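A short write-up of the structure that comes next.
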Amino acid sequence: MRGGRADGRTGGISVVAFLAGLALVVALPGRLAAQSLPDLAIEARATLLRHDAPAFVGPGERLMLRLPGAEPSAPLSRRQAVALLAEFLEAAQEVDILVRVARELEPGLGYVELERRFRVAGTSEVQVQVVLLEFGRSATSGRWVLREVRVV
């Protein structure tokens, strides 16, 4: 019995399992494109809690980043934004991050407001910052893309 097993099965995945997996892969980009702003807010919260700057910045090519104590600048490349955000987060220990607002202001323009509670390494005092996020819809994919981060 070439390629088979004694019980008659081929040992590979079934056609049904293959087609189910294929359907999931094909449907996934559409689901991501339709992701809601509240879902993005929850995802942003989780990535900040983990200090995962690359995941927080996401796939966008340019990002306006305004951090406390830094002068406003032109939009940064993704790589620069990730590096600056990672450096900004590294000295802090997150206590909690709350999603305060997540809404579409107008078609294609989204706004998320997070409240960040953290401790600076070596201290016990809890500090509070507001993190404002602006999202825009990508013209090519229709997905939400982070355009601006402002920490106040």
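Each reported figure results from applying straightforward, stated rules to the coordinates on display, with no laboratory input. Predicted, not measured: the structure shown is a model, and the values here were computed from it. Backbone-built Cβ (ideal geometry, glycine too); neighbour counts: all protein chains shown.
Other residues with beta-carbon under 15 Å from the beta-carbon of Ala53 carry, at +1 per Lys or Arg and -1 per Asp or Glu, a net charge of 0.
If R0 is 30 Å, the Cβ-Cβ spacing of Ser141 and Gln93 corresponds to a FRET efficiency of close to 0.25. Each residue of segment 73-86 is assigned a 3J(HN,Hα), and the resulting list reads 9, 5, x, 9, 5, 4, 4, 5, 4, 4, 4, 5, 5, 4 Hz, derived from the Karplus form 6.51 cos²θ - 1.76 cosθ + 1.60 (θ = phi - 60°), x at Gly and Pro.
FRET efficiency for the Glu61 to Ser36 pair, using the beta carbon distance and R₀ = 30 Å, is estimated at 0.85.
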